[in-house]
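This report refers to the structure that appears directly beneath it.
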Amino acid sequence: MLFLAQFTSSTKQRLLESLSNMSAACQCFTTPATVPNLNVGRRGNHVRLTPGHRRVIPRAVQEGEIRKGSIKEIPEIHAELPFAPELWTTFFEKYWQKEPVVIRGGLPTELCTPVNNDELAGLACETEFRPRIIRKGDEGPSSWSLQMGPFSEDELESLPSDGSWCLLLNDLEKHVSEFMDVLNLFDRFPRWRVADVQASISSDGGSVGAHSDQFDVFLIQGTGHKRWSISDCAEYVPDNDEAFFPDAEVRVLKNFQPQSCSLLKQGDILYLPPKVAHHGVAECCKTICTTFSVGFLAPAHDELVLSYAQASVDTHDGSQRWRDPWLKPQEHVGEISSEAVAHAAEIIRQSMPKNDAEIACWFGCHATQSFGIDPSETIPAKDLSADELVVQFAEEGSLQRRADAKFAFVQEVKDGSLEGGLFFAAGNMWPLQSAAGMELARHIANYDEIIADDWIESGDAAEYDMDSEAKTLLHELFSSGLIYFS
């Protein structure tokens, strides 16, 4: 999976600047395609191979090499998502953050193409999917380049069929409901850990180059075939800059030597733990190759420490200053006394968490931060009181949770210091005390839809299973646009 970590520092900066300055999404296209490559935004043809197309297979991954035993097949299991509970237990104990595995037939057939390939390619015309194209040039092994979108219809339809490019899209589950169905198959992972659902689209031979990153990822084959070559060699870890081409716009390994490989067909899934180097190449694709990936966040320890420190500063009295009434005449003006060090230590200790409940309050806000949300899209045009909202809830039948916001709850901590529970949404916290409030919070954190019949008896808004705390929570989430009537 290709995240920001695969780009060089200068390219990262350009990428972030491009994201913040992108223009509004281009309009959907309705005119027929005239270039016989990619038919954007409508049903029909896809990227086609030309008769003289050259299929690219990574060095040392020819079938003969596999038969000789120099490269092994990636271990496999055969099962369809969602797994039975006992199989999930086996997966976490044996594979999660331990070793790669291919899950044959892991994706149900009906989800292999959540939307058709033409519509998928058309998303590259829209800003919110952060579209970009990775290109492999002809000037040598390091000639990789990055082109930021959004792209026009003509740009997409003019892409060659020589395997020199790969189109990437992010945040699919946040804007296309069909991809939330894919994400929901991973129903035993904490949702706060999920980064997004990504798609890569290429013609036969297409790739983003060999690389490694810091994330767990499930690589799901949608259409076409892709050969994945992997290596768990310490030389290829993301932090080893010497292993990557120094001048390429895209972070690609210089001398990738795979240890194992497998050909993924439609519905197959490859799970990779962090830091495992991987190289995927579209193979035997008559039209185009699509790979979906579910990636998992792995915040750096420094990021967590800085986040907590900032949260601590935000909640402390900023007017307090250093005071040292104990100061005495000092013989050496350049000395920092032991009393000064002890006083500084006490200031720091006072800002540190006293128990797990304090950590939970910060961490829930940190884990559910949701960037780029436009609240105006779902904030109600008319202000409703809490009681009016319950009446309309009964009439409408359901409320929908925003797909681009993160929700979570905490109901207990290890040291027993939490009284009641905590609910989080888009970086905000609601402390809860009542059983009804926590029950509603758990439901909203776990499910995309809130059904009125589950909370209102017989459709009568006068008889509902929400106490005042639960009703207040529902009202505040609705008023802030985090839940809405669809």
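Residues being touching a helix residue (DSSP H, G or I) at 6+ places or on another chain (Cβ under 6 Å) and more than 27 Å from Phe244 (Cα to Cα): count how many of those fall in region 139-155. Qualifying residue count, region 139-155: 2. Is it the case that some residue within region 163-174 is under 30 Å from Lys72 (Cα atoms), assigned by TED's automatic domain parsing to the domain that holds Ala79 and of a type in the set (Ser, Thr, Tyr)? Yes - at least one qualifying residue is present in region 163-174. Assess whether Leu327 counts as being of a type outside the set (Gly, Ala, Ser) and over 31 Å from the mean Cα position of the chain (by Cα). Answer is yes for this residue. Right, Asp232: assigned by TED's automatic domain parsing to the domain that holds Ile201 and either closer than 21 Å to Asn116 by Cα or acidic (Asp, Glu) (or both) or not? In short, yes.
Give me the residue from region 330-346 that is hydrophobic (A, V, I, L, M, F, W, C) and either free of Cβ contacts under 8 Å to residues at least 12 places away in the same chain or surrounded by fewer than 10 Cβ atoms within 10 Å (Cβ to Cβ) (or both) and, out of that set, farthest from Ile359 (Cα to Cα). So, considering only residues that are hydrophobic (A, V, I, L, M, F, W, C) and either free of Cβ contacts under 8 Å to residues at least 12 places away in the same chain or surrounded by fewer than 10 Cβ atoms within 10 Å (Cβ to Cβ) (or both), the one farthest from Ile359 (Cα to Cα) is Val333. Quick one: Phe393 ticks every box in (1) in contact with a strand residue (DSSP E or B) (Cβ under 9 Å, 6 or more places away or on another chain); (2) under 30 Å from Thr127 (Cβ atoms) bar one, so which box is it? (2) is the only condition that Phe393 fails.
Of all residues being assigned to a helix (DSSP H, G or I) and either more than 10 Å from Val391 (Cα to Cα) or in contact with a Lys or Arg (Cβ under 7 Å, 6 or more places away or on another chain) (or both) in region 456-471, which is modelled with the lowest pLDDT? Just the residue, please. Among residues in region 456-471 that are assigned to a helix (DSSP H, G or I) and either more than 10 Å from Val391 (Cα to Cα) or in contact with a Lys or Arg (Cβ under 7 Å, 6 or more places away or on another chain) (or both), the one modelled with the lowest pLDDT is Ser458. Scanning region 136-161 for residues that are among the charged types (D, E, K, R), surrounded by 18 or more Cβ atoms within 10 Å (Cβ to Cβ) and not in a strand (DSSP E or B) gives Glu153, Glu157. Summed over region 125-135, the residues that are touching a residue at least 60 places away in the same chain (Cβ under 8 Å) and either buried (at least 22 other Cβ atoms within 10 Å of the Cβ) or in contact with a helix residue (DSSP H, G or I) (Cβ under 7 Å, 6 or more places away or on another chain) (or both) give a count of 5.
Would you say Ile66 is in a strand (DSSP E or B), surrounded by 15 or more Cβ atoms within 10 Å (Cβ to Cβ) and either modelled with pLDDT under 95 or under 25 Å from the mean Cα position of the chain (by Cα) (or both)? Considered against the rule, which asks whether it is in a strand (DSSP E or B), surrounded by 15 or more Cβ atoms within 10 Å (Cβ to Cβ) and either modelled with pLDDT under 95 or under 25 Å from the mean Cα position of the chain (by Cα) (or both), Ile66 comes out as no. Considering Ala311, Ala282, the condition of being touching a residue at least 12 places away in the same chain (Cβ under 8 Å) and in contact with a Cys (Cβ under 6 Å, 6 or more places away or on another chain) is satisfied by Ala282 alone.
Note on region 293-329: residues that are closer than 30 Å to Leu168 by Cα, surrounded by 10 or more Cβ atoms within 10 Å (Cβ to Cβ) and of a type in the set (Gly, Ala, Ser) amount to 4. Please go through region 440-449 and pick out each residue that is crowded, with 20+ Cβ neighbours inside 10 Å and either more than 17 Å from Arg191 (Cα to Cα) or of a type in the set (Asp, Glu) (or both). Result: Leu440, single match. The set of residues in region 254-274 being assigned to a strand (DSSP E or B) and free of Cβ contacts under 8 Å to residues at least 40 places away in the same chain consists of Leu263 alone. Within region 353-380, the residues that satisfy the criterion of being over 19 Å from Pro299 (Cβ atoms) and surrounded by 10 or more Cβ atoms within 10 Å (Cβ to Cβ) are Lys354, Asn355, Ala357, Ile373, Asp374, Pro375, Glu377, Thr378, Ile379, Pro380. The single residue among Asp454, Asp404, Asp467, Asp415 that is acidic (Asp, Glu), surrounded by fewer than 17 Cβ atoms within 10 Å (Cβ to Cβ), in contact with a helix residue (DSSP H, G or I) (Cβ under 9 Å, 6 or more places away or on another chain) and touching a residue at least 40 places away in the same chain (Cβ under 8 Å) turns out to be Asp415.
Among the residues of region 74-117, those that are touching a helix residue (DSSP H, G or I) at 6+ places or on another chain (Cβ under 7 Å) and either without any contact (Cβ under 8 Å) to a residue 60 or more places away in the chain or of a type outside the set (A, V, I, L, M, F, W, C) (or both) comprise Ala79, Pro114.
Determine if region 330-350 includes at least one residue that is modelled with pLDDT under 95 and either under 30 Å from Asp171 (Cα atoms) or touching a helix residue (DSSP H, G or I) at 6+ places or on another chain (Cβ under 6 Å) (or both). Checking region 330-350: not a single residue is modelled with pLDDT under 95 and either under 30 Å from Asp171 (Cα atoms) or touching a helix residue (DSSP H, G or I) at 6+ places or on another chain (Cβ under 6 Å) (or both).
Give Arg349, Arg401 a once-over and let me know the one that is assigned by TED's automatic domain parsing to the domain that holds Leu474 and among the basic types (Lys, Arg). Unique residue meeting the criteria: Arg401.
The values are calculated or read from the model by the stated rules, or taken from the named source; none is laboratory data. Given the structure is predicted, the values throughout are model-derived calculations rather than measurements. Neighbour counts are summed over all protein chains in view; Cβ atoms, including those assigned to glycine, are modelled from backbone coordinates with ideal geometry.
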